[in-house]
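**Student:** Below are the structure tokens for one structure; questions will follow.
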Amino acid sequence: MDIDRVQLRLSAIAEPNRFRIVELLRQGSRSVGSIVDELGLGQPQVSRHLRILAEAGIVESTKQAQQRIYHLRPEPIRDLGDWVERYATLWSERMDRLGDHLTGPTESAPANEDGADR
Amino acid sequence: MTDDPLTTDGTRASGTRASGITIDREHRTLHVARTYPVPIERVWHAWTDPVAIAAWWGPHEWTTIVRAMDVRPGGEWRYELGPDDGSVEPSHSIATYRRVEPNALLAYVDAFADATWTPTGDAGWDTEVRFTDAAGGTAVDIVTVFPDESEMRRAVELGMAEGYAEALERLSGTLER
């Protein structure tokens, strides 16, 4: 059980353009060029999103002739459908926010009105 | 913030977010452990002060409104939680404290209520939070016992930022192919 990995996947697909890419790949495998054409995004941007999705284990690619073809990996999607893990992720994120709250500029330096932390 | 590169830990430098989470399906328990680099009183305050807890309890871009907080055995913490964009009606929850040991232990049962603060009759979620001194700060250990799947589902839907919930709902359709 690796909650950090689940959380990484959630963060990866929560970004709107990455979510659009995942939605597109649900319809079938595609090349980077085809994703660029379909979504009207720049190639570097799409490549970067695909790299993040690949690092999160959501997509993988195979090489076909001169192109890289991307497709969804089924297993992580199944993980994300698990309610218990999603509940655990909620708590994990809540505890992150508590950490940010406890160590954030407004808490540690209440006199500092503008909250600048440098 | 919407298009930031995803880093595994760079954006969460504060606090310790090592693995820290254990799910025991057989006993329906979730255990969360974290250590924060601040004194125990600060952490206790964050859990028991109505203003402080509202700052971190809900997801980003959601607002927690604390309507009552009476931190003593039998006392209630009533709160609303809803998204800032108003896309979902705020949920109402009543947590009833069972045990309160300042700077050491907080045990409560968290249950849903309707808009008039009448409990919906669901079993509620037993939660125990322990605070202990740790090297360089405070360790927080949370053990929560989760009820059946339908309540779990409801809690997740109400507590999870809408983007996630929607993304997950749509993605879960992938499985049915």
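The values are calculated or read from the model by the stated rules, or taken from the named source; none is laboratory data. Not measured: the values here are computed from a predicted model. As a convention, Cβ positions derive from the backbone with ideal geometry for all residues, glycine included, and neighbour counts pool all protein chains shown.
**Student:** Would you mind listing the helices (runs of 4 or more DSSP H) fully within region A:19-118 where at least 2 residues are at pLDDT below 90 and surrounded by 13 or more Cβ atoms within 10 Å (Cβ to Cβ)?
**Tutor:** A:74-80, A:83-103, A:105-108
**Student:** Let me ask something additional. Check off (1) within 13 Å of chain A (Cβ to nearest Cβ); (2) in contact with a strand residue (DSSP E or B) (Cβ under 8 Å, 6 or more places away or on another chain); (3) buried (at least 16 other Cβ atoms within 10 Å of the Cβ) for B:T29 and give me the number that stays unchecked.
**Tutor:** Condition not satisfied by B:T29: (3).
**Student:** Going through region B:41-72 one residue at a time, which ones are touching a residue at least 40 places away in the same chain (Cβ under 8 Å), under 17 Å from B:T127 (Cβ atoms) and within 14 Å of the chain's Cα centre (by Cα)?
**Tutor:** The answer is B:W47, B:T48, B:G58.
**Student:** If I ask for residues that are in contact with a strand residue (DSSP E or B) (Cβ under 9 Å, 6 or more places away or on another chain) and either in a loop (DSSP other than H, G, I, E, B) or modelled with pLDDT under 95 (or both), which ones from region B:55-68 would you list?
**Tutor:** If the condition is that a residue be in contact with a strand residue (DSSP E or B) (Cβ under 9 Å, 6 or more places away or on another chain) and either in a loop (DSSP other than H, G, I, E, B) or modelled with pLDDT under 95 (or both), then B:A55, B:W56, B:W57, B:G58, B:P59, B:E61, B:W62, B:T63, B:T64 are the ones that fit.
**Student:** Here are the criteria: (1) exposed (fewer than 14 other Cβ atoms within 10 Å of the Cβ); (2) in a loop (DSSP other than H, G, I, E, B); (3) at pLDDT 95 or above. Tell me which single one B:V71 does not satisfy.
**Tutor:** Every listed condition holds for B:V71 apart from (1).
**Student:** Now a separate question. Can you tell which of B:D141, B:D133 is more than 26 Å from A:E85 (Cα to Cα), assigned to a strand (DSSP E or B), acidic (D, E) and touching a residue at least 24 places away in the same chain (Cβ under 8 Å)?
**Tutor:** B:D133
**Student:** While we're looking at this one, here's another question. Tell me yes or no: at least one residue of region B:100-122 is among the small types (G, A, S), surrounded by 18 or more Cβ atoms within 10 Å (Cβ to Cβ) and assigned to a loop (DSSP other than H, G, I, E, B).
**Tutor:** Within region B:100-122, not a single residue is among the small types (G, A, S), surrounded by 18 or more Cβ atoms within 10 Å (Cβ to Cβ) and assigned to a loop (DSSP other than H, G, I, E, B).
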